[in-house]
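Asks: First the structure, which I've put down as structure tokens, then a few questions once you've had a look.
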Amino acid sequence: FVDPEASPEELDFEGLNARINVRQRQIRLMPKFGEEYELQFAVEDPNPEVQNGTGVNRAPDVVLAGRFEPNKRLHMKLALLARQIRAQSNTGGITDQFGWGTSVSGRFNTPRFDNRDNMLFQLNYGNGIGRYVNDLSSIGNYDGIFDPATGDLQLFHVVTGYASWQHWWGVKHLRSNFTFGVVDVDNPGFLVGDAYRSTLRASSNLLWSPIPRIDIGGEYLWGDRQNEDGES
């Protein structure tokens with residue numbers, strides 16, 4: 001479900017809020033069709049993360065993706081995710097819901113100022129995909145939640161996206177990256193207070209590589225989080 005070729009160059013180890021970013025055990029097949037097309041099929045460690053309960057999955061997550069790269073100036077990927085969110089509530093009941101997600105991402109050259117300039121983007125949408133989203137995964141338990149009043153398992157509806165432009169400053173090893181990301185969570189109605197609702201994140205940096213194995217740079221980060229009760 002991850003697209004490393006559409007990942008912006010940044011210094012912040014926490015990483016971009018909206019990026020699909022998870023490493024897990026998997027079995028994957030990647031047949032190629034010529035030089036331009038690649039099909040990716042994987043069954044992966046499910047490990048659902050839920051609030052007011054514990055994940056007890058039996059079925060793996062399933063990912064189907066298509067990758068298109070006609071030349072070095074253009075890269076596109078479309079990925080589909082299907083997963084079982086099966087969990088046991090803190091009161092003992094076990095239930096499951098069907099989780100799903102889709103992701104489209106890419107990279108293309110923008111040679112107006114420099115032939116090396118490029119734009120990266122990613123858009124993600126789904127139910128029960130919180131563990132795959134960088135910001136929600138770092139918080140934890142954002143695939144689903146048990147309603148404490150009814151015991152029902154409800155999934156978090158998530159929309160995320162980012163765009164990043166990399167510009168080279170006419171010098172062989174000097175470049176900058178300007179990145180903006182957004183995450184929006186449609187919480188179940190019973191959640192109030194300081195529950196995560198949305199975040200915005202912007203960054204810009206200046207990087208220099210005097211030799212191939214060394215990067216030196218600085219980065220500015222700005223972020224805003226809004227909670228379900230409107231506090232930010």
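The values are calculated or read from the model by the stated rules, or taken from the named source; none is laboratory data. Here the structure is a predicted model, which means the values were calculated and not measured. Quick reminder, even Gly has a Cβ in these numbers, built from the backbone with ideal geometry, and neighbours come from all protein chains shown. These accessible areas exclude ligands, DNA and RNA; they are computed on the full protein's heavy atoms, side chains included. Shrake-Rupley method; radii C 1.70, N 1.55, O 1.52, S 1.80 Å.
Asks: Please work out if residue 225 is without any contact (Cβ under 8 Å) to a residue 40 or more places away in the chain, of a type in the set (Lys, Arg) and assigned to a strand (DSSP E or B).
Replies: Yes: the conditions hold for residue 225.
Asks: Something else about it: Looking at residue 184, is it among the acidic types (Asp, Glu) and either closer than 23 Å to residue 110 by Cβ or not in a strand (DSSP E or B) (or both)? Before the answer, list the steps.
Replies: Numbers: among the acidic types (Asp, Glu): yes; either closer than 23 Å to residue 110 by Cβ or not in a strand (DSSP E or B) (or both): no.
Considered against the rule, which asks whether it is among the acidic types (Asp, Glu) and either closer than 23 Å to residue 110 by Cβ or not in a strand (DSSP E or B) (or both), residue 184 comes out as no.
Asks: Could you say which residue among 126, 151, 144 is out of contact with any Lys or Arg (no Cβ under 9 Å at 6 or more places or on another chain), open to solvent by 20 Å² or more (accessible area, probe 1.4 Å) and not hydrophobic (A, V, I, L, M, F, W, C)?
Replies: Values: 126 fails: open to solvent by 20 Å² or more (accessible area, probe 1.4 Å); 144 fails: open to solvent by 20 Å² or more (accessible area, probe 1.4 Å).
Result: 151 is the single residue among 126, 151, 144 that is out of contact with any Lys or Arg (no Cβ under 9 Å at 6 or more places or on another chain), open to solvent by 20 Å² or more (accessible area, probe 1.4 Å) and not hydrophobic (A, V, I, L, M, F, W, C).
Asks: May I ask you to verify whether residue 159 is free of Cβ contacts under 8 Å to residues at least 40 places away in the same chain, open to solvent by 10 Å² or more (accessible area, probe 1.4 Å), over 18 Å from residue 4 (Cβ atoms) and not in a strand (DSSP E or B)?
Replies: no
Asks: Taking strands (runs of 3 or more DSSP E) that do not extend beyond region 32-108, which have at least 2 residues that are modelled with pLDDT of 95 or more?
Replies: Counting at least 2 such residues, we get 37-44, 61-71, 74-89.
Asks: Would you confirm whether any residue within region 107-121 is among the β-branched types (Val, Ile, Thr), open to solvent by less than 60 Å² (accessible area, probe 1.4 Å) and over 29 Å from residue 179 (Cα atoms)?
Replies: No, the conditions are met nowhere in region 107-121.
Asks: Identify, please: which residue in region 170-183 is touching a residue at least 40 places away in the same chain (Cβ under 8 Å) and over 18 Å from the mean Cα position of the chain (by Cα) and is, among those, most open to solvent (accessible area, probe 1.4 Å)?
Replies: 170
Asks: I'd like the residue in region 12-30 that is of a type in the set (Lys, Arg) and open to solvent by 100 Å² or more (accessible area, probe 1.4 Å) and, out of all such residues, is farthest from residue 220 (Cα to Cα).
Replies: 28
Asks: Are there any pairs with C-beta distances below 7 angstrom linking a residue in region 188-217 that is closer than 30 Å to residue 50 by Cβ to a residue that is open to solvent by less than 50 Å² (accessible area, probe 1.4 Å) and among the aliphatic types (A, V, I, L, M), with the two at least 6 apart or on different chains, and if so which?
Replies: Hits for this filter: 188/145; 196/185; 197/185; 198/183; 198/185; 199/183; 201/16.
Asks: Criterion first (touching a Leu at 6+ places or on another chain (Cβ under 6 Å) and closer than 18 Å to residue 103 by Cβ) does residue 39 satisfy it?
Replies: no
Asks: Filter region 61-74 down to the residues that are of a type outside the set (A, V, I, L, M) and more than 14 Å from residue 39 (Cα to Cα), then identify the one that is least open to solvent (accessible area, probe 1.4 Å).
Replies: 61
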